[in-house]
Structures are given as structure tokens and as C-alpha cells.
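What follows draws every value from the coordinates through simple rules; no lab data is involved. If you're wondering where the values come from, they're calculated on a predicted model, not measured in any experiment. Heads up, the Cβs are rebuilt from the backbone with ideal geometry, glycines too, and the neighbour counts pull from every protein chain shown.
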Amino acid sequence: MTQPILDGLLGNERGDLLDTLYEAPQAPDAWPRFLAQAVSATRSRSARMLVLDRRAQTVLSSIKHNIDDSDHQAYVDHYVNACPWRPELKDKLPGQLYSTFLDFSCRQKAFYDTEFYNDWARTQDIHHGVCGTVWQDEDHTVQLLIQRTREQGHYTREETEQINDLVMHVRRAVRLQTQFSALKHQQQALEQALDIQAQPFALLDAQGTLVYISQEAEQLVTSHPHMALEKHKLTFLDSRRQCALLQQLTQVTHPNPALRGSGEVIAIPLNSHLTTRCLVSPMHPHAAPSGFNTHPTPLAIVYFQDPLGDIDIDLDSLMQLFDLSEAEARVAAGIAQGQSPQQIADSHFLSVHTVRTQLKSTFQKTGTMRQSELAKLMLTSPAARRWRRPPVNLSCSA
């Protein structure tokens, strides 16, 4: 083993590393540069940084240096959980890295018998590493891994301690990244939501906490006998509907986009004749910048369909916007106004089979898969125009 990495982590390279780290929170494309500098400073082969779910089982995003794209994808898809050190890593204190040679029960000889080594690491000449959790919050775990070849040798205790002197700064940079990302995420979501003119709406997190609520939505909720705004949360007073709300919020804000739900409508009775429909949908902010992305917790948007208001859907506009036939536009407008396929069929003297066939073709043309998605698309399109009925004046004029 050669002289420990004192020169790399205590000399000029350390200064460059810190400069890059504190640039990264507002310029996420600097994170790959940090990995490259870390590999050079620690006299290593390669490095990876992973954003995982809280339990550290699923990789949500990642960056890497000096690992082939296909090999890295194989690692993300399978070998991340085949790694012999991972079961112990979740029990080790976060905030520092650990030498795979010194700090884990899987000794080097046993490592060479594992699937991880024989099917993945061996072809890349990866024999040693330091790894650990550098950041963790209620939604995510961020891990840093640096690897060496057989010739480069394992990380000694002194080298691991030197690397951990840097990890404190990595933690600070990741924390700043999450704060900046969360703020930008909320701003983008709000900007997108404010473009919507058709419906009162609120932005919520998975627990129902309000991020923003439009003035009309606030008035509708606070005057509603079965809804409330309590402690900055949207609450349905009926326990069954409240459970449905929380379930939908959890589904549409799932941290893994592949598992994220598309939302549903929850009906809240206003009185014996009228119902307020609340459409819970995922909020889709603009794409995150390239590089390390800590995936701010997704938000939900809830649209409130005011039963005392009316939505005019211009059929000609729908036909032009989405290349729909007149029949398909009528079905889309009916779904947006809260009608069921049976109600649409009855109002136009059609069979429900015909309406469902038209609905299926409307899904295909609009790129939607469910009625809730179609309703959201229609209500947020330029074809929707909202107006509220004036209250009935029962007074007699003189």
C-alpha cells in the first residue's frame, strides 16, 4: 500500500473539492464534477452517489464517475441490493463513510464468493470501497460510495478518517441542495397552478398540509359544512372521506414516479341536493435540472368543483385542441362536468356502450387513461370557462 492520501485531501485538491461542493446546491450539474475530483483526491477508481427511498431499497436518482452506463444501470436495477455490505449499512450511523475492508462483517475472502463480485464488480476490477449514508430525511436516503481496484488497495483507517473530514461538507451541500430544490419545486408548482383559471384549487403535501390555496377555494372550503381548514391542513369532516383523501394524497405524491397514482374524485355532500367534487391529482413541476437531484417531495393539487358554479366547456375548442370528433368532445365535456358515462348516455339518448366506446377513443387522443385524468385535462384547458350563479334574491322590489 502506498502513502495514505494526505496530499490529495489536505492539499490543493481539497480546496477544489470544497469549491465544487458549495457550488453544487444551486448548480446540480457540479455534482458529477465533485465525484471526479473525489476519485482523484482519494486515489480511487470510481464513485457513485445515490438518492434512495427512506429505507434505502430503491434508487430514485443517481450520478456516477468512471462507471460504464450499462454497468451502472445494472447496479441500480439489481446489484445495489445484492451488495454484501448493504444489510449492515442501514444499521450504521449516518454522517460518515465506512471502509468495506475494515468495518463490515463480510471479509474480503467471502466478498470474492458473492454474486455482487462475480457478476458485477469483478469485470470492473472493483475490490474495495468506502460507503455510507451522507444524508437522510423523512423521505430520502443519500449515500456516497467510492471504489478502488485490487492494485490500489483497501482504504486504511487513516484514509477513511481523512475522507470523513470531507463528508461533513458533503452533508451541508446536500442539505442546501434539498432546501433549494424544495423551494424551486414549490415555486414551479405554484406557477403552474396559477395558470389554471377553470377551478378553485389547493396545493397540498402528502399529509394534507397546505402549500397554497386559491382565494376562491379557501372561501368554498371555509363555508362548506363538511370541509375545514384546520392548522394549515385541508380536512374532510367525514372520517371515511378523510381517509380517502389521505390515501389519495399518499398515492399521488409517491416519491417514485413509476408508482405514483393518477388521482380520483372524492364527493363531499353540500346539502341533500348538491355535491362538491374534489379532484385529487399529482402536481407535475418542470423537469429537474441535470445532475444530482434530491427529488423534492411531490405535491398534490386538489381541484374543487363548486356545485353553485357552472363550467362551460367550449366543444369547438376541444375539437381543435385535441383533434376530437363532436361526439368525443361531448363525452369529454360531460366527464369534466362530473357526469358518469351513464348520465352522458341518458342526456344524449345514447347507449352506455356507445359512450364508453367514445370515451375510449377520447383517452387515446388526449393521452389519458382514466376519467380523473381526462377531467383534469379538460378543466385546465383553454376550452373551460367557469362562472358562478348569482344568489337568488327573494326580496320584493317596491
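Values computed for the structure shown
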quantity	calculated
Cut-off under 5 Å, modelled amide H: who pairs with Val211 long-range	Leu203, Leu204, Asp205
FRET efficiency, Met369 to Lys92 (Cβ-Cβ, R0 51 Å, nearest 0.05)	0.75
Estimated distance in nm for a label pair at Asp323 and Gln124, the labels positioned 7 Å out from Cα along Cα-to-Cβ	4.3 nm
Gain in span if fully extended, Ser361 to Gln57, counting 0.36 nm per residue against the direct Cα distance	105.5 nm
Region 1-117, relative contact order [Cα under 8 Å, separation at least 6], %	16 percent
Burial ranking of peptide ranges 224-231, 110-117, 167-174 (average Cβ count within 10 Å, highest at the top)	167-174, 110-117, 224-231
Cβ-based net charge around Ala47, under 11 Å, with every Lys or Arg adding one and every Asp or Glu removing one	+4
Charge tally in the Cβ shell below 10 Å around Asp125, where Lys, Arg are +1 and Asp, Glu are -1, Asp125 excluded	+3
Estimated inter-spin distance, Leu176 and Leu229, nm [label 7 Å along Cα→Cβ]	3.5 nm
